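The structure under discussion appears below in the form of structure tokens.
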Amino acid sequence: MRPYVILNAAMTLDGKIATATGSSNISGEEDLKRVHEIRKDCDGIMVGIGTVLADDPRLTVHKINARPEDNPVRVVVDSKCRTPIDARITNSDAKTIIACANEYKDEFVKTEKYETFKKRGVKFMWCGDKRVDLSLLMSYLHEEGIDKLMLEGGSTLNFSMIKAGLIDEISICIAPMVVGGANAKTFFDGEGFDTMDESVKLELIDSFSLGKDLILRYKVLK
Ligand SMILES: NC(=O)c1ccc[n+]([C@@H]2O[C@H](COP(=O)([O-])OP(=O)(O)OC[C@H]3O[C@@H](n4cnc5c(N)ncnc54)[C@H](OP(=O)(O)O)[C@@H]3O)[C@@H](O)[C@H]2O)c1
């Protein structure tokens, strides 16, 4: 058993979710409110360590009216336990789970950083040998009571999740901007597929304008 997973992101018309220098404020104010409604409706929200290092997100519900208990459990996919000690995702606003790989466990549990995180209530899940095993993590999160999980990037984790068949729904905000850049992050990066035949197929289930942005919602076909 695993959670129902909704991937949400904002991209420019040319498919970039950040520039090569890490600038990533793409959504308009109305889209941010829509994103925070999804956060409020989910039990968990997950990002990769690349996103934590680049953006230092809080991943709480703060753009709409919400109570502290509306914040989803925050999950970082971080094989090598690189989450910084002062990362905002580990603050006391909501629960936090850091998923790491077994190879790094013995060294990490001896560190002061581990003790500080534990005192702060951060929970660790050890899944996978050298890299986080996403299927295993999904089953652990389900056992933890997470039935609906929002995935908020970045590009590398998005690709691993969709390749593993772990995404059920995609909602994307397309902003009327073009930023270019061969090294800018796209919606899905990772190793990619070799042929279009291998691509993950989607079905459009909704589309609407929100301010200047266009929102598309897709079901992932299995
Ligand atoms: N516009 C948007 O909507 C939006 C949303 C989110 C992020 N972003 C942007 O996305 C960029 C970050 O993307 P990113 O691709 O660099 O990082 P990422 O996808 O956030 O994190 C990738 C990292 O996750 C870790 N990981 C552990 N297990 C994994 C697995 N099984 N599969 C994949 N990754 C795994 C890997 O590091 P370890 O091996 O060390 O664990 C990997 O390098 C930032 O620039 C951010 O601004 C944009």
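Positive end of the dipole of the range 4-220 (Cβ unit charges, origin at the Cα centre): among 138, 52, 195, the Cα lying farthest that way belongs to 52.
With contributions of -39500 (n - 2.57) from each DSSP H run of at least four residues, the per-residue ellipticity at 222 nm computed over the chain stands at -6500 deg cm²/dmol. Comparing 85, 170, 45 in a Gaussian network model of the chain (Cα springs below 10 Å), the most mobile by mean-square fluctuation is 85. Return the percentage of antiparallel bridges among DSSP beta bridges fully within the chain, rounded to the nearest 5 %. Given both bridge residues lie in the chain, the antiparallel proportion sits at roughly 35 percent. Couplings 3J(HN,Hα) of the range 76-92, computed from phi: 10, 8, 8, 3, 9, 6, 9, 4, x, 4, 9, 4, 5, 5, 9, 6, 8 Hz, in residue order, whole Hz [Karplus 6.51 cos²θ - 1.76 cosθ + 1.60, θ = phi - 60°; x for Gly and Pro].
Just 110, 95, 123 to compare: in a GNM of the chain, with alpha carbon springs under 10 Å, which one fluctuates most? Largest GNM mean-square fluctuation: 110.
Annotation for the range 139-203 versus the range 37-95: alpha-carbon center distance of 18 Å. In the range 110-222, the convex hull through the Cα atoms has an average projected area of 10.8 nm², a quarter of its surface area. Sorting the Cα pairs of the chain by distance into bins of 10 Å, from 0 upward, gives 8, 33, 38, 17, 3, 0 percent per bin. About its Cα centre, the range 4-220 has a charge dipole of approximately 620 debye under the convention of +1 per Lys or Arg Cβ and -1 per Asp or Glu Cβ, with nothing else charged. Which residue, 193, 124, 159, has the most motion in a Gaussian network model of the chain that connects Cα atoms within less than 10 Å? Comparing 193, 124, 159 in the GNM, the peak value goes to 193.
The value of relative contact order for the range 1-149, using C-alpha pairs under 8 Å at least six residues apart, is 27 percent. With K and R counted +1 and D and E -1, the other residues having a Cβ less than 14 Å from that of residue 199 yield a net charge of -2. Charging the Cβ of each Asp and Glu at -1 and of each Lys and Arg at +1, and nothing else, the dipole of the range 124-164 about its Cα centre rounds to 220 debye.
FYI, it's all coordinate maths here, none of it is from the lab. Quantities reported herein were computed from a predicted structural model and do not represent experimental measurements. Cβ sites come from the backbone with ideal geometry, for glycine too, and all protein chains shown count toward neighbours.
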